[in-house]
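A short worksheet on the structure shown next.
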Amino acid sequence: MSTTSRTTTPSGQATRPQRPALLALALCALCSSLALLSGCGTPVTSKSAVTQAQPLRQMRVHIAPSPTISTTMRVAQRHLYTFATSNVGLMEPAVDAQGNVWVGEMHTNRLGRLNSQTGSVTSWTPPGAQYGIMTTTIDAQGDVWFTEQNANYIGRFDPRQQTFRIFPLGMWKGNPLGPQDLHFDSRGLLWFTAEAGGVIGQLDPNTGAIRSWPIPPPTAENPSYPYSLTITPNGQVWFGDFAGGAIGSLDPQTGQITLYSLPNPQTQVFSMATDTTGRIWFTEVLPGKLGMFDPTTGTLTELPVPAISGSPPALYELVIDRRDAIWFVDVGADTLVRYAPGKQTLTFFQLSLPTSAPFGLTLDPAGKLWFTAGGSSGNYVGEMAP
């Protein structure tokens, strides 16, 4: 296990960020070639089972007219922590109960931690990692979980012992699964999307048992690429397809999979979250819309996000705060955006990031927003109070 530590200080305001580096990074991460797990460490033998789903249900959605939206622009009151001066490739972060920000460093093949009290950064190289750490999340014990797409495993890091445990995912129809998104359900089971394998998976952290449900292609022309994931209060698993213009649900009790085609078959769903009423919110990288699906009525609403300063919108990670306000990253405008459903307002918070662009987004236990931003010469973790 390799460990490095470096101390940094927050950065101040600077010139308008450059977007292309991180846009290319994100798209390369989606299209990277996946390989089998190899290398050092102590892998565990995961018990894996494929669950045959019930016959696919394909449902039509009712399209609701887009509401009239008012738009405002603000300068974000943010605090930046310099994570690195070279492009380490900061991915999707998570914050633990102590306020530490955990994030994958895709370009340096490490799992990183920012101590927000001191500004110091420490990073560890997971066993067998192959430059594919994407999503991180924290369990109830404070352990850090992450997906390693290219090495085809889910990893767990114990910060107290500074040890890794890996859960290899195996193959499906000759392909490695390629894990992407992660979410715990109310029972402590860890759900994940497997974009390369076209399945939804469930990992039991206590036993290491893995179950997977193959997702049928949304159309005859498009393979299945389940990418984003969210879990509703009643335990239904919802997912978004990155290439087929569809969202879907999985009932874990019956294995029933239901697909809902979106109006644009080229829609790329990147991130999803569930509000307190059970509605599903998601970002569309292309064509740059905020989507909302109400499962109780089967109604879909898509909100076109306006271009700011002439730059087309490109929407990435999304979270929902305690007031059910929707927050998401717009790389095209270098902003964090808040949508208030009750008021039907979009507020753009201009980040003014030094030579970098925003990408990942999360909420800490106190309700503060944390985001990642990376570029050729500056990589930051940012904090913003809503």
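The values are calculated or read from the model by the stated rules, or taken from the named source; none is laboratory data. Computed from a prediction, not measured in an experiment: that's the story for all the values here. Every residue, glycine among them, receives a Cβ derived from its backbone with ideal geometry; neighbour counts consider all protein chains shown. When the accessible area is computed, the model is the full protein with side chains, heavy atoms only, and any ligands, DNA or RNA have been set aside. Shrake-Rupley method; radii C 1.70, N 1.55, O 1.52, S 1.80 Å.
Roughly how many whole Å is it from the C-alpha centroid of region 308-333 to that of region 337-378?
The distance from the Cα centre of region 308-333 to that of region 337-378 comes to 7 Å.
Can you give the accessible area of HIS183, probe radius 1.4 Å, in Å² rounded to 10?
Solvent-accessible area, nearest 10 Å²: 60 Å².
FRET efficiency for THR277 and ASP158, Cβ-Cβ distance as r, R0 = 41 Å, nearest 0.05?
Once the sixth-power term is evaluated, E becomes 0.70.
Near ALA246, within a Cβ-to-Cβ distance under 15 Å, what is the net charge of the other residues, with Lys and Arg +1 and Asp and Glu -1?
Here the count lands on -2.
Amide H of THR135: which non-local residues (sequence gap of 5 or more, or other chain) have their own amide H closer than 5 Å, using H built in the peptide plane?
When sequence neighbours closer than 5 places are left aside, the close amide H contacts are THR147.
Okay, which of region 152-193 sit inside 11 Å, backbone N to the point 7 Å along the Cα-Cβ direction of ALA140?
185-189
In whole Hz and in residue order, list the ³J(HN,Hα) couplings for region 146-153 that follow from phi through the Karplus curve 6.51 cos²θ - 1.76 cosθ + 1.60, θ = phi - 60°; x for Gly and Pro.
Couplings: 8, 9, 10, 4, 6, 8, 6, 8 Hz.
Any idea how far apart THR85 and ARG57 come out in nm if each label point goes 7 Å out from Cα toward Cβ?
Here the modelled spin labels are 5.8 nm apart.
Using the crude model of +1 on Lys and Arg Cβ and -1 on Asp and Glu Cβ, and no other charge, please compute the dipole size for the chain relative to its Cα centre, in debye to 20.
Roughly 280 debye for the chain.
Which net charge results for the neighbourhood of THR72, defined as the other residues with beta-carbon distances under 12 angstrom from its beta-carbon, given Lys and Arg at +1 and Asp and Glu at -1?
+3
Between region 222-264 and region 78-134, what's the alpha-carbon centroid distance in Å?
Between the Cα centres of region 222-264 and region 78-134 lies a distance of 29 Å.
With r defined as the distance between the Cβ atoms of SER120 and SER352 and R0 fixed at 30 Å, what FRET efficiency is calculated, to the nearest 0.05?
About 0.75, to the nearest 0.05.
Residue by residue through region 279-286, what is 3J(HN,Hα) from phi via Karplus (6.51 cos²θ - 1.76 cosθ + 1.60, θ = phi - 60°)? Round to whole Hz and write x for glycine and proline.
6, 9, 10, 8, 9, 10, 3, 10
Measuring with a 1.4 Å probe in the full set of protein chains, what accessible area per residue, in whole Å², belongs to region 160-260?
36 Å²
Please list, in order along region 242-250, the HN-Hα scalar couplings obtained from phi with the Karplus expression 6.51 cos²θ - 1.76 cosθ + 1.60 (θ = phi - 60°), rounded to whole Hz, x for Gly and Pro.
With coefficients 6.51, -1.76 and 1.60, one gets 7, 10, x, x, 8, 10, x, 10, 10 Hz.
For the chain, with all protein chains present and a 1.4 Å probe, just round the carbon and sulfur fraction of the accessible area to a whole percent.
Ligands and nucleic acids excluded, carbon and sulfur reach 51 percent.
Taking a ≥ b ≥ c as the square roots of the Cα gyration tensor eigenvalues, with a/c under 1.5 meaning rounded and otherwise prolate when a/b beats b/c, else oblate, which class fits the chain?
oblate
First select every other residue whose beta carbon is under 12 angstrom from the beta carbon of LEU315; then total the charges, Lys and Arg +1, Asp and Glu -1.
Net charge around LEU315: -3.
Let me know the charge dipole size of region 50-126 about its Cα centre in debye, to the nearest 20, where only the beta-carbon of Lys, Arg (+1) and Asp, Glu (-1) is charged.
260 debye
With every protein chain present, what is the per residue accessible area of region 281-386 (1.4 Å probe, Å²)?
About 29 Å² of surface per residue is accessible.
FRET efficiency for ARG323 and THR219, Cβ-Cβ distance as r, R0 = 35 Å, nearest 0.05?
Efficiency computed from Cβ-Cβ geometry: 0.40.
If amide H atoms are built 1.01 Å from N in the plane of the peptide, which residues on other chains or at least 5 residues away come under 5 Å of the amide H of ALA209?
The answer is LYS47, ASP204.
Please list GLU317, GLU105 from largest to smallest accessible area, probe radius 1.4 Å, with all protein chains kept in place.
Descending accessible area places them as GLU317, GLU105.
Please list, ordered by chain and number, the residues whose modelled amide H lies under 5 Å from the amide H of HIS107; skip anything fewer than 5 residues away on the same chain.
The list, which skips near neighbours in sequence, is GLY89.
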